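**Q** Have a look at this one before I ask anything.
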């Protein structure tokens, strides 16, 4: 048994993963928790570490299941090949990715980092740049802006912020 790489259709990694697993294939889709704006709120979602790719464990020989259904699986584009031969992936690489994924799952990558520069996009402070301070737990965030030569804390909805730079 060896690991191989499956190239998926755009944004269909999870669909391909589910359909391949339903057919009895062992698959692995490395993901990262990432904070995103969804309907004006900050939410943590799992995003593929390698967009459009997932790993599949396949055997060779007469006793191994046929590879033919892989290409026609919903969400799958093709099996990655070089010179007509499917590209093998080292077991150590997949093991290292799994270990790294387990370590990162506890701390999602934040959309806004404390101390990061942001621009407010809604009135009354539209266009003003500030420094992201923290989320306040009430579906709002605190931003420090310069107002009359002094730093002032402003609470705004995350949807009203954009990263600067």
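**Q** Assuming residue 92 fulfils every condition listed in (1) without any contact (Cβ under 8 Å) to a residue 60 or more places away in the chain; (2) loosely packed, with under 14 Cβ neighbours inside 10 Å; (3) more than 23 Å from the chain's Cα centre (by Cα) apart from one, which condition is it?
**A** Every listed condition holds for residue 92 apart from (3).
**Q** Still on this structure: How many of the residues in the stretch 110-144 are modelled with pLDDT under 80 and in contact with a helix residue (DSSP H, G or I) (Cβ under 6 Å, 6 or more places away or on another chain)?
**A** Here the count works out to 1.
**Q** Can you tell me which residues in the stretch 27-48 are modelled with pLDDT of 90 or more and assigned to a loop (DSSP other than H, G, I, E, B)?
**A** 29, 30
**Q** Right, here's the next one. So in the stretch 1-34, with the set limited to residues that are touching a helix residue (DSSP H, G or I) at 6+ places or on another chain (Cβ under 9 Å) and farther than 20 Å from residue 97 by Cβ, which one is surrounded by the most Cβ atoms within 10 Å (Cβ to Cβ)?
**A** Only one residue tops the list, namely 9.
**Q** Would you be able to tell me the number of residues in the stretch 53-96 that are in contact with a helix residue (DSSP H, G or I) (Cβ under 7 Å, 6 or more places away or on another chain) and under 28 Å from residue 110 (Cβ atoms)?
**A** Summing the residues that are in contact with a helix residue (DSSP H, G or I) (Cβ under 7 Å, 6 or more places away or on another chain) and under 28 Å from residue 110 (Cβ atoms) in the stretch 53-96 gives 2.
**Q** Taking the stretch 111-144, which residues are in a loop (DSSP other than H, G, I, E, B) and surrounded by 14 or more Cβ atoms within 10 Å (Cβ to Cβ)?
**A** 111, 112, 116, 121, 125, 128, 140
**Q** For the subset of the stretch 69-84 comprising residues that are in a loop (DSSP other than H, G, I, E, B) and over 22 Å from residue 11 (Cβ atoms), which member is modelled with the lowest pLDDT?
**A** 84
**Q** Of all residues in the stretch 35-52, which are free of Cβ contacts under 8 Å to residues at least 12 places away in the same chain and either outside the structural domain of residue 19 (by TED's automatic domain parsing) or in contact with a helix residue (DSSP H, G or I) (Cβ under 7 Å, 6 or more places away or on another chain) (or both)?
**A** Scanning the stretch 35-52 gives no hits.
The values are calculated or read from the model by the stated rules, or taken from the named source; none is laboratory data. Note that the structure is predicted; figures quoted are calculated from it, not measured. Using ideal geometry, Cβ is built from the backbone for each residue, glycine included, and neighbour counts are taken over all protein chains shown.
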